[in-house]
Amino acid sequence: MVLQKRKKILITMGDGAGIGPEIIVKALENPDIYENCKPLVIGDTGIMNRAIHITGSRLKIHSCSEPEDGLYQYGSIDLFPVDLLSPNLEFGTVNETAGHAAYCFIEKAVELITKKKADALCTAPLNKEALHLAGHFFPGHTEILAFLTKTPKYSMMFSSPELNVILVTIHDGLLDAIKQINPDNVYDTIVMAHEVMKKRLGRNPRIAVCGINPHAGENGLFGYREEEKKIIPAIEHACAGNIQAEGPLPADTAFYLARKKNYDIVVSMYHDQGLGPIKVLGIESSVNITVGLPFIRTSVDHGTAFNIAGKNIADATNMEEAIKQAWLLSGETG
């Protein structure tokens, strides 16, 4: 039966002052989601009910004290309540309580999935400033999840129909990122790219590795030979292990060739080098995937959008795709 194959997907509500609750409600208006998975929202009851009212949805909250209590049928939103917020929380504001609540939703999700009570995690956006105000000094979801699961090697991967990108450094300023890039973390990222794409494709993937400088340094003409010191040893190490990695390539060339399907994934050295191209090609269809965790985690590829929160104009396409990728990456049977 189809129902026996549906994966249980946890969905954290994110920052209650942002668009997270709205896009969750809108995404769960799609009956196809229930045919393929069992979505369980972890969030605040009052805020989720407010999102239902704002969107004009006819969905009803079904509160669950345990994941196995869920109805998991279209028409209801199964909610594991972590009630920490006022239903009158002001939209579009940086709020310490909302930041703390967003952290608690993630903490509960990790607890449940670690106990094998769910199969994968999908996260709505949080606000980093609110998170820091609450005393949780993490750059974002990725680092929180790595901390809570004690994962030493991890990365952010972004996947869309046109492009797959994985990052060597994540939420670091450009100068700090360049300092942190070294043969070890470049090699680790290449290996993670190989493993995740091999699982997805069923074959050894073709990996493009970006340089740091314009024209990948042009043999020392640009920069300080970072490519020779930091990247080439990692590529040689990977190739010695039968990984199909090529580079360092000029970033503009690497993304162009990857879009033409010459490569299956691009290893990007720093945040904006990788995220610029993938967002230009279509933020609606790109999904953030944390690689290296002991479970699948996907997320929307956008922020809390405080400027439109509560106005019922947020598009849930990206959230639907993130939920879809969570069940696809977690396997077909369960």
* Among the candidates Ala216, Ala234, Ala245, Ala238, single out the residue that is closer than 19 Å to Asp272 by Cα and in contact with a strand residue (DSSP E or B) (Cβ under 9 Å, 6 or more places away or on another chain). => Ala216
* To do: Specify which of the listed residues (Ala254, Ala234, Ala238, Ala193) is touching an Asp or Glu at 6+ places or on another chain (Cβ under 8 Å), assigned to a helix (DSSP H, G or I) and buried (at least 21 other Cβ atoms within 10 Å of the Cβ).
  => Ala234
* **Scan of region 209-242 for residues that are in contact with a Phe, Trp or Tyr (Cβ under 7 Å, 6 or more places away or on another chain) and under 21 Å from Leu174 (Cα atoms), ordered by number** => Asn213, Pro214, His215, Ala234
* If we scan region 29-42, do we find a residue that is of a type outside the set (Val, Ile, Thr) and under 23 Å from Ile308 (Cβ atoms)? -> yes
* List the helices (runs of 4 or more DSSP H) that sit entirely inside region 1-88 and contain at least 2 residues that are within 16 Å of Met319 (Cβ to Cβ). => 20-27, 31-36, 45-55
* Can you name the residue in region 18-50 that is out of contact with any strand residue (DSSP E or B) (no Cβ under 9 Å at 6 or more places or on another chain) and of a type in the set (Gly, Ala, Ser) and is also most open to solvent (accessible area, probe 1.4 Å) among such residues? -> Gly46
* Give me the pairs, please: first residue somewhere in region 27-55 and free of Cβ contacts under 8 Å to residues at least 60 places away in the same chain and under 21 Å from Ser285 (Cα atoms), second residue anywhere and among the hydrophobic types (A, V, I, L, M, F, W, C) and crowded, with 17+ Cβ neighbours inside 10 Å, beta-carbon distance under 6 Å, and either six or more positions apart or on two chains. => Leu28/Ile77
* For region 52-59, indicate whether the set of residues that are crowded, with 16+ Cβ neighbours inside 10 Å and over 18 Å from Ile23 (Cα atoms) is non-empty. => no
* Asked: Limited to region 257-303, what total is found for residues that are part of a loop (DSSP other than H, G, I, E, B) and in contact (Cβ under 8 Å) with a residue 40 or more places away in the chain?
  -> 16
* Is it the case that Glu228 is open to solvent by 30 Å² or more (accessible area, probe 1.4 Å) and in a strand (DSSP E or B)? -> no
* To do: Considering only region 117-132, state which residues are under 19 Å from Val300 (Cα atoms) and open to solvent by 20 Å² or more (accessible area, probe 1.4 Å).
  => Asp119, Asn127, Lys128, Glu129
* Structure fact -> Of the conditions (1) touching a Ser or Thr at 6+ places or on another chain (Cβ under 8 Å); (2) open to solvent by 10 Å² or more (accessible area, probe 1.4 Å); (3) not acidic (Asp, Glu), the single one that Ile308 does not satisfy is (1)
* To do: Six or more apart or on different chains, Cβ under 8 Å: which pairs go from a residue in region 214-238 that's over 13 Å from Asp188 (Cα atoms) to one that's in a loop (DSSP other than H, G, I, E, B) and among the charged types (D, E, K, R)? Could you list them?
  => Gly217/Arg225
* Structure fact -> Flagged in region 133-151 as assigned to a loop (DSSP other than H, G, I, E, B) and either open to solvent by less than 20 Å² (accessible area, probe 1.4 Å) or within 15 Å of Val110 (Cβ to Cβ) (or both), in numbering order, are His136, Phe138, Gly140, Lys150, Thr151
* Report, by residue number, each residue of region 74-93 that is open to solvent by 40 Å² or more (accessible area, probe 1.4 Å) and either at pLDDT 95 or above or not polar (S, T, N, Q) (or both). => Tyr74, Pro81, Asp83, Leu84, Ser86, Pro87, Glu90, Phe91
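The values are calculated or read from the model by the stated rules, or taken from the named source; none is laboratory data. Fair warning: this is a prediction, and the values are worked out from it, not measured in the lab. Counting neighbours? That spans all protein chains shown, and the Cβs are built from the backbone with ideal geometry, glycine included. Side chains are part of the model used for accessible areas, which takes the heavy atoms of the whole protein and leaves out ligands, DNA and RNA. Shrake-Rupley method; radii C 1.70, N 1.55, O 1.52, S 1.80 Å.
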